[in-house]
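The values are calculated or read from the model by the stated rules, or taken from the named source; none is laboratory data. Please read these numbers as outputs of a predicted model, since none were measured by experiment. Cβ sites come from the backbone with ideal geometry, for glycine too, and all protein chains shown count toward neighbours.
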4 protein chains.
Amino acid sequence: GQPLMLIAGPCVLQDEDTSMRIAEVLAAINQSDQVNVVFKASFDKANRTSAAAKRGPGLEQGVEMLRRIGQASGLPVTTDVHLPTQCGVAAEVCSILQIPAFLARQTDLVVAAAETGRPVNVKKGQFMAPEDMRHVVAKATGAGDGGVLLCERGTFFGYGRLVNDMAGLVTMRNMGVPVVFDATHSVQRPGGLGDATGGNREMVEPLARAAVSVGIDALFFETHPQPERSPSDGPNMIPLDQFRPLIDRLLRLRQCVNELASIR
Amino acid sequence: GQPLMLIAGPCVLQDEDTSMRIAEVLAAINQSDQVNVVFKASFDKANRTSAAAKRGPGLEQGVEMLRRIGQASGLPVTTDVHLPTQCGVAAEVCSILQIPAFLARQTDLVVAAAETGRPVNVKKGQFMAPEDMRHVVAKATGAGDGGVLLCERGTFFGYGRLVNDMAGLVTMRNMGVPVVFDATHSVQRPGGLGDATGGNREMVEPLARAAVSVGIDALFFETHPQPERSPSDGPNMIPLDQFRPLIDRLLRLRQCVNELASIR
Amino acid sequence: GQPLMLIAGPCVLQDEDTSMRIAEVLAAINQSDQVNVVFKASFDKANRTSAAAKRGPGLEQGVEMLRRIGQASGLPVTTDVHLPTQCGVAAEVCSILQIPAFLARQTDLVVAAAETGRPVNVKKGQFMAPEDMRHVVAKATGAGDGGVLLCERGTFFGYGRLVNDMAGLVTMRNMGVPVVFDATHSVQRPGGLGDATGGNREMVEPLARAAVSVGIDALFFETHPQPERSPSDGPNMIPLDQFRPLIDRLLRLRQCVNELASIR
Amino acid sequence: GQPLMLIAGPCVLQDEDTSMRIAEVLAAINQSDQVNVVFKASFDKANRTSAAAKRGPGLEQGVEMLRRIGQASGLPVTTDVHLPTQCGVAAEVCSILQIPAFLARQTDLVVAAAETGRPVNVKKGQFMAPEDMRHVVAKATGAGDGGVLLCERGTFFGYGRLVNDMAGLVTMRNMGVPVVFDATHSVQRPGGLGDATGGNREMVEPLARAAVSVGIDALFFETHPQPERSPSDGPNMIPLDQFRPLIDRLLRLRQCVNELASIR
């Protein structure tokens, strides 16, 4: 089977030391030929719950940090873009551009990202049916040849809750594009901390296992040496020292899943 | 009681004749001192389901059309903005700026709109709890003095469906801001037409009545002389020749609701 | 217009004094020719969250209490049935039989209730679409001539929350049957108190107003002189001393709604 | 690890030949020491969408059929009960009693089933949070020593749709009881066929794999030699000739999942 793509990182670009430390662990994981690791971090958290929340270093500085992290670690990098004008700059450094879930329906953003020629990883809106992502695929493939990935990160399930419709992974993969499962955002509890988004880290592995068993091409995780110190998403992040064995279990599971096809 | 604000128009700016004809009907309704009408049309449908769908005249041309429509009809005008850079231009002509529901969490857009000094009408995201709109109010009031309005236009309720949580109108009004009920988008069926969004026009009046009874400050409708010819949102629009009596019924109902407070 | 049916009472039959006191207030309201009051109380709470919670006096004793309350107050009475075998006994005293929402799909119960010849008031299951209640109507009308009422009491909206789809009231009324809006159960928060169901009393009137404006035939409320002492449903009940003015406001609103049809 | 319990059968008891044929295939699967098969069929479909739909042979005749099927196949049998009075008769033949999802909150039914001393398999109501099933566990364990199983069969996700919250499997298993995943009912589309429930068979295996990976104790399937001829649930059933390899794949997957614990 194909190697699993693993998109991972610290959520937002914070101090460069922390990011480098995370990239180092990811580069070690990347030694395995079962996996292709892409380092991911945001240069701007453009939709924080509260205006007072920290956002990140911004486009120019963030892209430079990503470049240095990529060079030091040898890993390809990716980031999320929020405006059409950001796509070109980000594409100079990133091997994939990511479209946030809230922005999955913004035609100009999807088109601008695709026009860079980079593959575009679009997160399914929390307000969208998996079936309706085919229109997003068409928008991107009509604008560029870099390819599209679709990412499941949870669907609205009553106020403050998300649910993963695992059948939707099949629906999206049937569109002929690689499918990503974002395991750490899926356990978010929007508004769960009052002024910020909560989360439930202990469900990350069960959900990732479920997605691997259903059949996916990539997994997405946020990880941090001290999640409780992360400027965002702490409650749903995987502590860095638990990351390697988690990935090892998921790769072992995926290998098994790939072999199931022979049982007829 | 305060007059009802009525935000209405043809959805997207199409040929200027159609828009003028709609504005004429609205200007006649505006003669009543029970109501303050604001003409609304989009210069760009930036999140159409399909890339092939028509989008509108664009910012420059659209704002000019709005200026002419406002001058000819004597009505204030409003439009929706999708990027921070659009806010300044739109604010030259518009007396209110509208933030689309999908973009309700984009901090920079809310801030840029508020910084123009115009009131900002933010549609609650289909993926948000009414309670969580308080953070949006804080973002806007922290950036400008024009004021904020919050608009209910439906919440995700399973694939392809929205529901109006009428209790959420109370929750948002308790934040001390005027609340708008968007009656025609609330009956949309996302993806309901396969390649486009469907709708159910017959539910518009029942839902508008419900919202008026719960207590709101403004109503939002799309109307068109021939809804089936509208470039978007046809299935949920009110035919223009039915618009005046609909508003008359809702104003009569609102008057009654205002009087209920005296029954103790 | 037709008088409004008002189904009201203390939820469960507790001490007879409390029930009589509630029935007295209801009988006074019944003097108006705008309203037909039916006293409602349960003889058994058959689906309490916890096994330790109080359930009520049971069928035989409960029906006798209902008979005495009906005689003393001059009001017709109704109760909810949980098993087919309870229908005959309940129908001796009750002028309407009520089917709980959880049991709306139990064919034998609906049929047994309808076979008594009494009208059957079926609450829409929290797990059902309004459209699907037509099958329940068919089950009942196929079994008895007493008629059917359909009651909206909220639909599942994420764990621990209900939402009222007000458009569903129109859908059900279009089936040609009277529609009831259960305002106090609609504000329940299932599991909201950990070991019991919570609620949000302040949303009862807004939702009842919304339903009246959309168009309904009956309203359902639970009321109690001291809601905090009620063995169940306390958090969502209307205090008895606030009940009369609430009903007066809703009747005034309904009168206004009836007159709207003349505005064309 | 423990053998997987496999609860399977033809949904409703129809002609005895068909049931025997299914039981024969199941008995062959039961030869494996990785699995404990229990034959399941209903004697009555007590909550069909339509009153005109076929229901089954009834309690007495159904229990006799189950006895003969159990004797012929050597398999333990189970069935679902709808009224407290049915539990005793069903328990004479059945080694497990099943409580339907719609009836998960009916205290007397859960208690009567538990009082037989048989294990009770309670399906989580489509309207219930996984957390709230702990109250059902308490009701059952307070009434009998046979034990409780909790079964996930989908949660309401908008009209006509269910979703499986795979994280809920963890929540329920953390209550210390075995958890069952009902793969074929989870793909139902309530009301999806207008007068009957639809379904989407192709999602059965992906969802079953997901559940196995998350960690469960039992799987539940409906299977039939000719699903399109089944009196109910045809669209979601597994064709009998595809059943054995499906189970083989899931057992292989489960073995792998059990081994993951050693990767630390």
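To keep it simple, each residue is scored yes or no on (1) crowded, with 22+ Cβ neighbours inside 10 Å; (2) closer than 29 Å to B:Val170 by Cα; (3) within 8 Å of chain A (Cβ to nearest Cβ); (4) not hydrophobic (A, V, I, L, M, F, W, C).
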position	(1), (2), (3), (4)
B:Ala53	no, no, no, no
B:Val110	yes, yes, no, no
B:Lys124	yes, yes, no, yes
B:Lys139	yes, yes, yes, yes
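The listed residues are B:Arg161, B:Arg264, and the only one of them that is over 29 Å from B:Met128 (Cα atoms) and either among the charged types (D, E, K, R) or in contact with a strand residue (DSSP E or B) (Cβ under 9 Å, 6 or more places away or on another chain) (or both) turns out to be B:Arg264.
Selection of segment B:3-24 for residues being buried (at least 19 other Cβ atoms within 10 Å of the Cβ) and in contact (Cβ under 8 Å) with a residue 60 or more places away in the chain yields B:Leu4, B:Met5, B:Leu6, B:Ile7, B:Ala8, B:Gly9, B:Pro10, B:Cys11, B:Val12, B:Gln14, B:Ile22.
What about B:Leu103, is it within 14 Å of chain A (Cβ to nearest Cβ) and either surrounded by 23 or more Cβ atoms within 10 Å (Cβ to Cβ) or on the phi > 0 side of the Ramachandran plot (or both)? Spelling it out, B:Leu103 is indeed within 14 Å of chain A (Cβ to nearest Cβ) and either surrounded by 23 or more Cβ atoms within 10 Å (Cβ to Cβ) or on the phi > 0 side of the Ramachandran plot (or both). If a residue has to be in contact with a strand residue (DSSP E or B) (Cβ under 6 Å, 6 or more places away or on another chain), within 14 Å of chain C (Cβ to nearest Cβ) and in a loop (DSSP other than H, G, I, E, B) to count, how many in segment D:65-82 make the cut? Residues that pass the stated criteria total 1. Taking the residues in segment B:213-241 that are within 13 Å of another protein chain (Cβ to nearest Cβ) and over 16 Å from the mean Cα position of the chain (by Cα) as candidates, determine which candidate is surrounded by the fewest Cβ atoms within 10 Å (Cβ to Cβ). If we take residues in segment B:213-241 being within 13 Å of another protein chain (Cβ to nearest Cβ) and over 16 Å from the mean Cα position of the chain (by Cα), then B:Asp241 is surrounded by the fewest Cβ atoms within 10 Å (Cβ to Cβ).
The lone criterion from (1) surrounded by fewer than 23 Cβ atoms within 10 Å (Cβ to Cβ); (2) more than 19 Å from the chain's Cα centre (by Cα) left unmet by C:Pro178 is number (2). Of the residues screened, C:Arg153 is one that is among the basic types (Lys, Arg), touching an Asp or Glu at 6+ places or on another chain (Cβ under 7 Å), more than 14 Å from chain A (Cβ to nearest Cβ) and surrounded by fewer than 24 Cβ atoms within 10 Å (Cβ to Cβ).
Evaluated against (1) touching a residue at least 12 places away in the same chain (Cβ under 8 Å); (2) facing another protein chain (nearest Cβ under 8 Å), D:Pro206 falls short on exactly one condition, (1). Scanning segment D:25-51 for residues that are acidic (Asp, Glu) and either touching a His at 6+ places or on another chain (Cβ under 7 Å) or surrounded by 15 or more Cβ atoms within 10 Å (Cβ to Cβ) (or both) returns a single hit, D:Asp44. Applying a threshold of 8 Å to beta carbon distances and a minimum spacing of six or more residues, or different chains, the list of pairs starting in segment D:82-109 at a residue that is of a type in the set (Asp, Glu) and ending at one that is not in a loop (DSSP other than H, G, I, E, B) reads D:Glu92/D:Val63; D:Asp108/D:Pro84.
Every condition in (1) within 14 Å of another protein chain (Cβ to nearest Cβ); (2) assigned to a loop (DSSP other than H, G, I, E, B); (3) out of contact with any helix residue (DSSP H, G or I) (no Cβ under 6 Å at 6 or more places or on another chain) is met by B:Thr85 except one, and the failing one is (2). Just one of the listed residues (B:Arg264, B:Arg249) is surrounded by fewer than 24 Cβ atoms within 10 Å (Cβ to Cβ), in contact (Cβ under 8 Å) with a residue 24 or more places away in the chain and at the interface with chain C (Cβ under 7 Å from one of its Cβ atoms), namely B:Arg249. The residue that is nearest to D:Tyr159 (Cα to Cα), counting only those in segment D:192-212 that are of a type in the set (D, E, K, R) and surrounded by fewer than 24 Cβ atoms within 10 Å (Cβ to Cβ), is D:Asp195. Counting the residues of segment A:190-202 that are in contact with a strand residue (DSSP E or B) (Cβ under 9 Å, 6 or more places away or on another chain) and away from chain B (no Cβ under 14 Å) gives 3. Count of segment A:221-241 residues, restricted to those that are under 15 Å from A:Leu26 (Cα atoms) and free of Cβ contacts under 8 Å to residues at least 60 places away in the same chain, is 3. Residue pairs whose Cβ atoms lie under 7 Å apart, sitting 6 or more positions apart in sequence or on different chains, and linking a residue in segment C:181-197 that is closer than 23 Å to C:Gln242 by Cα and without any contact (Cβ under 8 Å) to a residue 12 or more places away in the chain to a partner that is buried (at least 20 other Cβ atoms within 10 Å of the Cβ) and not acidic (Asp, Glu), do not occur here. Comparison of B:Leu193, B:Leu219, B:Leu207, B:Leu240 shows that the only residue that is modelled with pLDDT under 95 and aliphatic (A, V, I, L, M) is B:Leu193. The condition of being closer than 22 Å to B:Phe39 by Cβ and either in contact with a His (Cβ under 8 Å, 6 or more places away or on another chain) or surrounded by fewer than 23 Cβ atoms within 10 Å (Cβ to Cβ) (or both) holds for only one of B:Glu92, B:Glu131, that being B:Glu92. The combined condition, being within 11 Å of another protein chain (Cβ to nearest Cβ) and out of contact with any Leu (no Cβ under 6 Å at 6 or more places or on another chain), is fulfilled by B:Val187. Scanning segment C:159-171 turns up at least one residue that is of a type in the set (D, E, K, R) and within 24 Å of C:Leu207 (Cα to Cα).
Within segment D:8-56, the set of residues being in contact with a helix residue (DSSP H, G or I) (Cβ under 8 Å, 6 or more places away or on another chain), part of a loop (DSSP other than H, G, I, E, B) and more than 17 Å from D:Asp233 (Cα to Cα) comprises D:Ser32, D:Gln34. Based on this model, can you work out whether B:Arg244 counts as surrounded by fewer than 22 Cβ atoms within 10 Å (Cβ to Cβ) and not in a helix (DSSP H, G or I)? When the stated conditions are applied, B:Arg244 does not pass them. Each residue in segment D:88-100 was checked for being away from every other protein chain (no Cβ under 14 Å) and in contact with a strand residue (DSSP E or B) (Cβ under 8 Å, 6 or more places away or on another chain), and 8 pass.
With respect to B:Pro235, is the statement that it is more than 21 Å from C:Ala208 (Cα to Cα) and in a loop (DSSP other than H, G, I, E, B) true? For B:Pro235, the condition - more than 21 Å from C:Ala208 (Cα to Cα) and in a loop (DSSP other than H, G, I, E, B) - is not met. Please state which of the following conditions C:Gly70 fails to meet, knowing it meets all the rest: (1) surrounded by fewer than 20 Cβ atoms within 10 Å (Cβ to Cβ); (2) in contact with an Asp or Glu (Cβ under 9 Å, 6 or more places away or on another chain); (3) within 30 Å of C:Gln255 (Cα to Cα). Only one criterion is unmet by C:Gly70, namely (2). For segment B:170-184, a residue qualifies if it is within 12 Å of chain C (Cβ to nearest Cβ) and farther than 20 Å from B:Val120 by Cβ, and the qualifying residues are B:Val170, B:Ala183.
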